[in-house]
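Asks: The structure is given below, and queries will be raised subsequently.
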Ligand code: ATP
Ligand code: MG
């Protein structure tokens, strides 16, 4: 299969999970246990397919880098234990680390709180020619902060600016910010790893039982789990308000890790493929220069 065929195939696989106009989006229409047209017995085939997507991604990344015009921003959002880290690790495994930057956003520091909430993310945006990965992002500002309004109170904002419209305003600002990026050559692709509450419980219990995974568990994760319904409402509204053609969300079923990774890889290939990346063409003057060097080298 050539690169164009792989891009087309990936587009087909990722399409059912792409949300690029949010008005009708409802989380209840997205099953976390979905494995599309595949079954557990197709797992190995899906892994092979994913490897092919990762190879395509690497080939596209080379062109992205050489062309030095577009930047690609991949945003990952999810509840704990949904598998963000695993997707990032597997999906990016074939990519040249020099062309890729990963940033993990935690609770903002004092310095970060002295600025608007986009500041720290803006500083970490990928350069042209690169792929930037945000493990969490400014979306936390309408997710965790919305679920826990006391965080908003500690954000040092002038009180008169905190009105009942604050979330609508944040959605609007995020949409405008992303449109600005898109208009300046940053291709944005956002992922929500949609894990079910039951599967999260299973994974937490697995972490608690397994000594090699205990370090991953924090009691804060279990506390956040108590706010599940609020989080799901916040995710739904966020996706409704911020899914656009130039910055789509992919709602990835996340109860089966192999399927999550398979679709994530396909979505990234689709995103890169849509940029029609090509190696820069060498003009006649450059060709003549190269021919000259070739001659000199052969003479040596
Ligand atoms: P992992 O647990 O897999 O290492 P993680 O992304 O969950 O990865 P943690 O250090 O456990 O990393 O959690 C980061 C925490 O920071 C999350 O609870 C998240 O909600 C919080 N956070 C991120 N951005 C903000 C923000 N802008 N305001 C408040 N809290 C935030
Ligand atoms: Mg965590």
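Asks: Would you please name the residue that is modelled with the highest pLDDT, looking only at residues in region 126-154 that are part of a loop (DSSP other than H, G, I, E, B), surrounded by fewer than 18 Cβ atoms within 10 Å (Cβ to Cβ) and within 14 Å of ligand 1 (Cβ to nearest atom)?
Replies: So the residue we want is 148.
Asks: Let me ask another. Go through (1) within 16 Å of ligand 2 (Cβ to nearest atom); (2) closer than 19 Å to residue 78 by Cα; (3) touching a helix residue (DSSP H, G or I) at 6+ places or on another chain (Cβ under 9 Å) and name the single condition residue 214 misses.
Replies: Among (1) within 16 Å of ligand 2 (Cβ to nearest atom); (2) closer than 19 Å to residue 78 by Cα; (3) touching a helix residue (DSSP H, G or I) at 6+ places or on another chain (Cβ under 9 Å), residue 214 violates only (2).
Asks: Here's a check for you: in region 236-269, which residue that is within 14 Å of ligand 1 (Cβ to nearest atom) and surrounded by 24 or more Cβ atoms within 10 Å (Cβ to Cβ) is nearest to residue 26 (Cα to Cα)?
Replies: So the residue we want is 238.
Asks: Working carefully through the options 200, 179, find the one that is more than 16 Å from ligand 2 (Cβ to nearest atom), assigned to a helix (DSSP H, G or I) and touching a residue at least 24 places away in the same chain (Cβ under 8 Å).
Replies: Among 200, 179, only 179 is more than 16 Å from ligand 2 (Cβ to nearest atom), assigned to a helix (DSSP H, G or I) and touching a residue at least 24 places away in the same chain (Cβ under 8 Å).
Asks: Among the residues of region 105-125, count how many are exposed (fewer than 14 other Cβ atoms within 10 Å of the Cβ) and near ligand 1 (Cβ under 10 Å from one of its atoms).
Replies: Of the residues in region 105-125, 2 are exposed (fewer than 14 other Cβ atoms within 10 Å of the Cβ) and near ligand 1 (Cβ under 10 Å from one of its atoms).
Asks: Let me ask another. List every residue pair whose Cβ atoms sit under 6 Å apart, with the two residues 6 or more apart in sequence or on different chains, where the first one lies in region 210-225 and is within 18 Å of residue 82 (Cβ to Cβ) and the second, anywhere, is in a helix (DSSP H, G or I) and within 11 Å of ligand 2 (Cβ to nearest atom).
Replies: These pairs meet every condition: 213/207; 216/207; 217/207.
Asks: Please go through region 155-169 and give me each residue that is in a loop (DSSP other than H, G, I, E, B) and more than 28 Å from the chain's Cα centre (by Cα), ordered by number.
Replies: 156, 157, 158, 162, 163, 164
Asks: Say whether the condition of being in a loop (DSSP other than H, G, I, E, B), touching a residue at least 60 places away in the same chain (Cβ under 8 Å) and over 17 Å from the mean Cα position of the chain (by Cα) is met by at least one residue in region 43-53.
Replies: There is no residue in region 43-53 that is in a loop (DSSP other than H, G, I, E, B), touching a residue at least 60 places away in the same chain (Cβ under 8 Å) and over 17 Å from the mean Cα position of the chain (by Cα).
Asks: Given the options 231, 235, name the one that is within 16 Å of ligand 2 (Cβ to nearest atom), at pLDDT 95 or above and in contact with a helix residue (DSSP H, G or I) (Cβ under 7 Å, 6 or more places away or on another chain).
Replies: 231
Asks: How about region 241-265: which of its residues are touching a helix residue (DSSP H, G or I) at 6+ places or on another chain (Cβ under 6 Å) and farther than 19 Å from residue 195 by Cα?
Replies: 241, 242, 246, 247
Asks: Then there is this: Consider residue 11 carefully, then state whether it is away from ligand 1 (no atom under 16 Å from the Cβ), modelled with pLDDT of 95 or more and surrounded by fewer than 17 Cβ atoms within 10 Å (Cβ to Cβ).
Replies: no
Asks: What's the total number of residues in region 74-115 that are assigned to a loop (DSSP other than H, G, I, E, B) and within 16 Å of ligand 2 (Cβ to nearest atom)?
Replies: 9
Asks: If residue 193 passes every condition in (1) more than 11 Å from ligand 1 (Cβ to nearest atom); (2) outside any strand (DSSP E or B) but one, which one does it miss?
Replies: (2)
Asks: Continuing with the same structure: Give region 179-218 a look and list any residue that's at pLDDT below 95 and under 30 Å from residue 129 (Cα atoms), or say none.
Replies: Across region 179-218, there are no qualifying residues.
Asks: Still on this model: Looking only at region 116-153, count every residue that is farther than 27 Å from residue 62 by Cβ, away from ligand 2 (no atom under 16 Å from the Cβ) and within 14 Å of the chain's Cα centre (by Cα) and tell me the total.
Replies: 1
The values are calculated or read from the model by the stated rules, or taken from the named source; none is laboratory data. A quick note: this is a predicted structure, and the numbers were derived from the prediction, not measured. Cβ atoms come from the backbone with ideal geometry, glycine included; neighbour counts cover every protein chain shown.
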